[in-house]
Amino acid sequence: MRSWGVTVAVAIAVTMAMSSGIRAQWPSYPTPGVPRTADGKPVLDGPAPRTPDGKVDFSGIWNLSFGGGGGGGRGRGAGAPPPTPPPVDPNAIPVSQFFEVAGRGYPLPLTPWAAELKKKRMADNSKDNPDVWCLPIGLMQYHNHPQPRQIVQTKNLILITYESNYGLRYIYMDGRPAPNNDPTPWWFGYSRGWYEGNDTLVVETTNFLGDERAGWLDVNGSPYTDALKMTERFRRPDFGSLQIDITIDDAKAYTKPFTVRVNHRLMVDSEMIEFICNENERSTEHLKRN
């Protein structure tokens, strides 16, 4: 059986190669509220937009930034530089990647149990990754997925729609606490958000479903469990950039918390594409479950 990781890489390459054709077929509707030059080009290095009460507004369609490639339509990164390598400074926050949650070469503080589980998952070609089975892939894989995501921000609720596997996430902004009544766990966890000052959105997520299939931080199988507390710090340094620092705190899988960074760029004059994973799906019939 071919490595699932190789299959994903080929699929991404095909998507990139087809991007010019997709862009040509996609309706062209200018994104409202985007500053532009006299000839209509978007100005993405200006100040971030703000809500009526002065806080940064994170609304928009965002695409993974491959080493700082610009935003735009359905090209979604075609011709952009390769992914950013791990930082040289050992004290810098590592840049997260789709296949490795903290980037290649970063020594994750895995517990012995988690290290053995990741080793087994890689030996099995990641065949139990939820993405293979058209299930929600976990927040870190969604953060690093090459398909875009759209943030819709309201006063009391933020919605994030992930094009990959048609994921939908709720972030409650009304001051509620984490649930403490032993609820059924969620694939996306239970997220509550608040602002630090006017520029940083902090989101804390707990109550994750962390069983054998659900707990994947990356394609190579770095695990998480139902003990995971994920803290995200969203910043929008300028109109076209989104920076997210994510702290993983899971005492069952890691000997200490660690923090990684994800960078996104704004996609303008574009829309999300409907993505139904199970429609005409023919891959899982070739996989054998142990």
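Computed from the coordinates by the stated procedures, all read-outs in this text should not be read as laboratory data. Please read these numbers as outputs of a predicted model, since none were measured by experiment. A quick note on method: Cβ atoms are made from the backbone with ideal geometry, for glycine too, and the neighbour counts reach across all protein chains shown.
Sort 133, 194, 216 so the one with the fewest other Cβ atoms within 10 Å of its own Cβ comes first.
194, 133, 216
With 19 Å as the limit on Cα-Cα distance, the pairs of 127/229; 229/256; 41/155 that go past it are 127/229; 41/155.
Amide H to amide H distances under 5 Å link residue 97 with 102, 103, where only residues 5 or more positions off or on other chains count and H is placed in the peptide plane.
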